[in-house]
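The structure under discussion appears below in the form of structure tokens.
The values are calculated or read from the model by the stated rules, or taken from the named source; none is laboratory data. These figures come from a predicted structure and were not determined experimentally. Quick reminder, even Gly has a Cβ in these numbers, built from the backbone with ideal geometry, and neighbours come from all protein chains shown.
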Amino acid sequence: MKIGTVQRGFTLIETLTALFVLGVVVALATQVGATLAKTTRRIDAESRLIEEARTAQEVIASKLLAAWYVYPPGTRLAFNGGATTRNALAGRPDWTVGEDPIVAMVLPPGAPGAGCQRGGDTGGCYQLVAYYAFPRGHYQASVGPGQRLPEDPENADTWVLMEFRANLYGYAPAGPCDPVPVPGGNLSRLSGRLLAEYLQPEGEDPAYTLFEVGDAGSVTLRLRMARSLHGAKVRVPAASRPPLALTITPRNLRACR
């Protein structure tokens, strides 16, 4: 006589237990995946902020090292009436060194003895160079579609760092102590150019000042980078750390005594 095999299925309790365990595993996997994605986004954001800060430091330091003159604290500068050069933080066209986030300098001619004519040879021109900051949202509203940054309304109040350059046509000092021209708004048809974004506004830290101009022409650049990312704040350096500071002493300052 052949004995048949009895096939036994899963009981209801076993099925429910298996489903519960599976649910826990899926939930844990989802949580781990979300945490990993969040960490990856934060690391990417920090790397981007570090790169922005490094670019700003390198560019500004290279210009200051070559500077022939650095505008001292108290100097009021106005480039023109353009939106990319106005002091959007104060709602006016002019900037004051030592009060507003700006540093400005004059570079010597790249080719001494050459000409300095509009539309012609400019190798002999002294050049005004300035760096200043205003809100990212103001930049977005001031430039055309081809120059706009990717939309990021969560960070509209963070600052961007701008660069302005202009040849000082007609300026040919006879000696190192001749007066240096102070722009009063007549540098028309020139715009500011974006250098870096996601700078932390000075007002978020009373002890934080972007530019500090010394009496001897040295400049200390302090950077705090910040970006909101899905409600979380990413900062470089961390809020508990001092800002990224760099002091630059020009090598080519005019020898005026």
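Select from region 220-257 the residues that are closer than 18 Å to Ile60 by Cβ, assigned to a strand (DSSP E or B) and of a type in the set (D, E, K, R) and list them in ascending order.
The answer is Arg222, and nothing else.
Taking only pairs six or more apart or across chains, which ones have beta-carbon atoms under 8 Å, a first residue in region 129-155 that is of a type in the set (Asp, Glu), and a second residue that is not in a loop (DSSP other than H, G, I, E, B)?
Sorted first by the residue in region 129-155, then by its partner, the pairs are Glu151/Gln140; Asp152/Arg136; Glu154/Ser228; Glu154/Leu229.
Within the set of pairs 6 or more residues apart or between chains, which connect a residue that is in contact (Cβ under 8 Å) with a residue 12 or more places away in the chain inside region 237-257 to a residue that is part of a strand (DSSP E or B) and basic (Lys, Arg) with Cβ atoms less than 6 Å apart?
Every condition considered, the pairs that remain are Pro243/Arg222; Ala245/Arg222.
Could you grab me the full set of residues in region 229-248 that are in contact with a Ser or Thr (Cβ under 8 Å, 6 or more places away or on another chain) and surrounded by 15 or more Cβ atoms within 10 Å (Cβ to Cβ)?
Answer for region 229-248, where residues must be in contact with a Ser or Thr (Cβ under 8 Å, 6 or more places away or on another chain) and surrounded by 15 or more Cβ atoms within 10 Å (Cβ to Cβ): Val234, Leu246, Ile248.
From the list Thr39, Thr85, exactly one residue is modelled with pLDDT of 95 or more and of a type outside the set (D, E, K, R). Which is it?
Of Thr39, Thr85, the one residue that is modelled with pLDDT of 95 or more and of a type outside the set (D, E, K, R) is Thr85.
Quick one: Ile50 ticks every box in (1) outside any helix (DSSP H, G or I); (2) touching a residue at least 40 places away in the same chain (Cβ under 8 Å); (3) of a type in the set (A, V, I, L, M, F, W, C) bar one, so which box is it?
The single condition Ile50 does not satisfy is (1).
Can you give me the number of residues within region 116-155 that are of a type outside the set (S, T, N, Q) and surrounded by 15 or more Cβ atoms within 10 Å (Cβ to Cβ)?
Within region 116-155, residues that are of a type outside the set (S, T, N, Q) and surrounded by 15 or more Cβ atoms within 10 Å (Cβ to Cβ) number 18.
If you check Leu253, Leu221, which single one turns out to be within 24 Å of Ala67 (Cβ to Cβ), of a type in the set (A, V, I, L, M, F, W, C), surrounded by 13 or more Cβ atoms within 10 Å (Cβ to Cβ) and out of contact with any strand residue (DSSP E or B) (no Cβ under 6 Å at 6 or more places or on another chain)?
Leu253
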